[in-house]
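Structure first, then comments.
The values are calculated or read from the model by the stated rules, or taken from the named source; none is laboratory data. What you see is a predicted model; the values in this text were computed from it and never measured. Neighbour counts are summed over all protein chains in view; Cβ atoms, including those assigned to glycine, are modelled from backbone coordinates with ideal geometry.
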Amino acid sequence: MKTILVGGCFDFIHFGHISFLEAAKKHGDKLIVMLESDETIKRLKGAGRPFHTQKQRKKMLEALRMVDEVIALPPMNSDAEYFDAVKTINPDAIALTEGDSILEKKMKQTEQLGAEAVIIPHLSTHSTSTLAKLLNLE
């Protein structure tokens, strides 16, 4: 069984998320999502975020047929903590988004794990932040 790992906030699930998760699942048998904590999202995205609690986001992701498991992460303050969490999962592959601002760092970490890096093309769709602004949520 080939395990694919993805990570993210998934705060306001949209078409880009669904497309990414579907594409990632095509590369393996089991898709695991590492879900960022509310505290981490607040630090990364701002005081008004997340819109949904980690518990709510986990439930939404679990309802998607391509997602096999969701791991709710505790608050993390360093790359080392995140990398340690990934090591405990020991995935066969990690799906990454083309054009991610820290793609190179993620590729190096994937290589250190001995996992395959699966690069998923970035779709030109609205991000959660863009949608939040359009809806006057931010």
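Among the candidates 3, 53, the residue that is modelled with pLDDT of 95 or more, surrounded by fewer than 17 Cβ atoms within 10 Å (Cβ to Cβ), over 11 Å from the mean Cα position of the chain (by Cα) and of a type in the set (Ser, Thr, Tyr) is uniquely 53. Can we say residue 13 is farther than 23 Å from residue 124 by Cα and surrounded by 15 or more Cβ atoms within 10 Å (Cβ to Cβ)? Here the answer is no, as residue 13 does not meet what is asked. Cβ separations smaller than 8 Å between residues 6+ apart or across chains give the following pairs from region 90-107 residues that are under 19 Å from residue 123 (Cβ atoms) and without any contact (Cβ under 8 Å) to a residue 40 or more places away in the chain to residues that are of a type in the set (S, T, N, Q) and buried (at least 18 other Cβ atoms within 10 Å of the Cβ): 96/110; 103/97.
If you go through region 87-100 and pick out every residue that is under 14 Å from the mean Cα position of the chain (by Cα) and at pLDDT below 95, you end up with 3.
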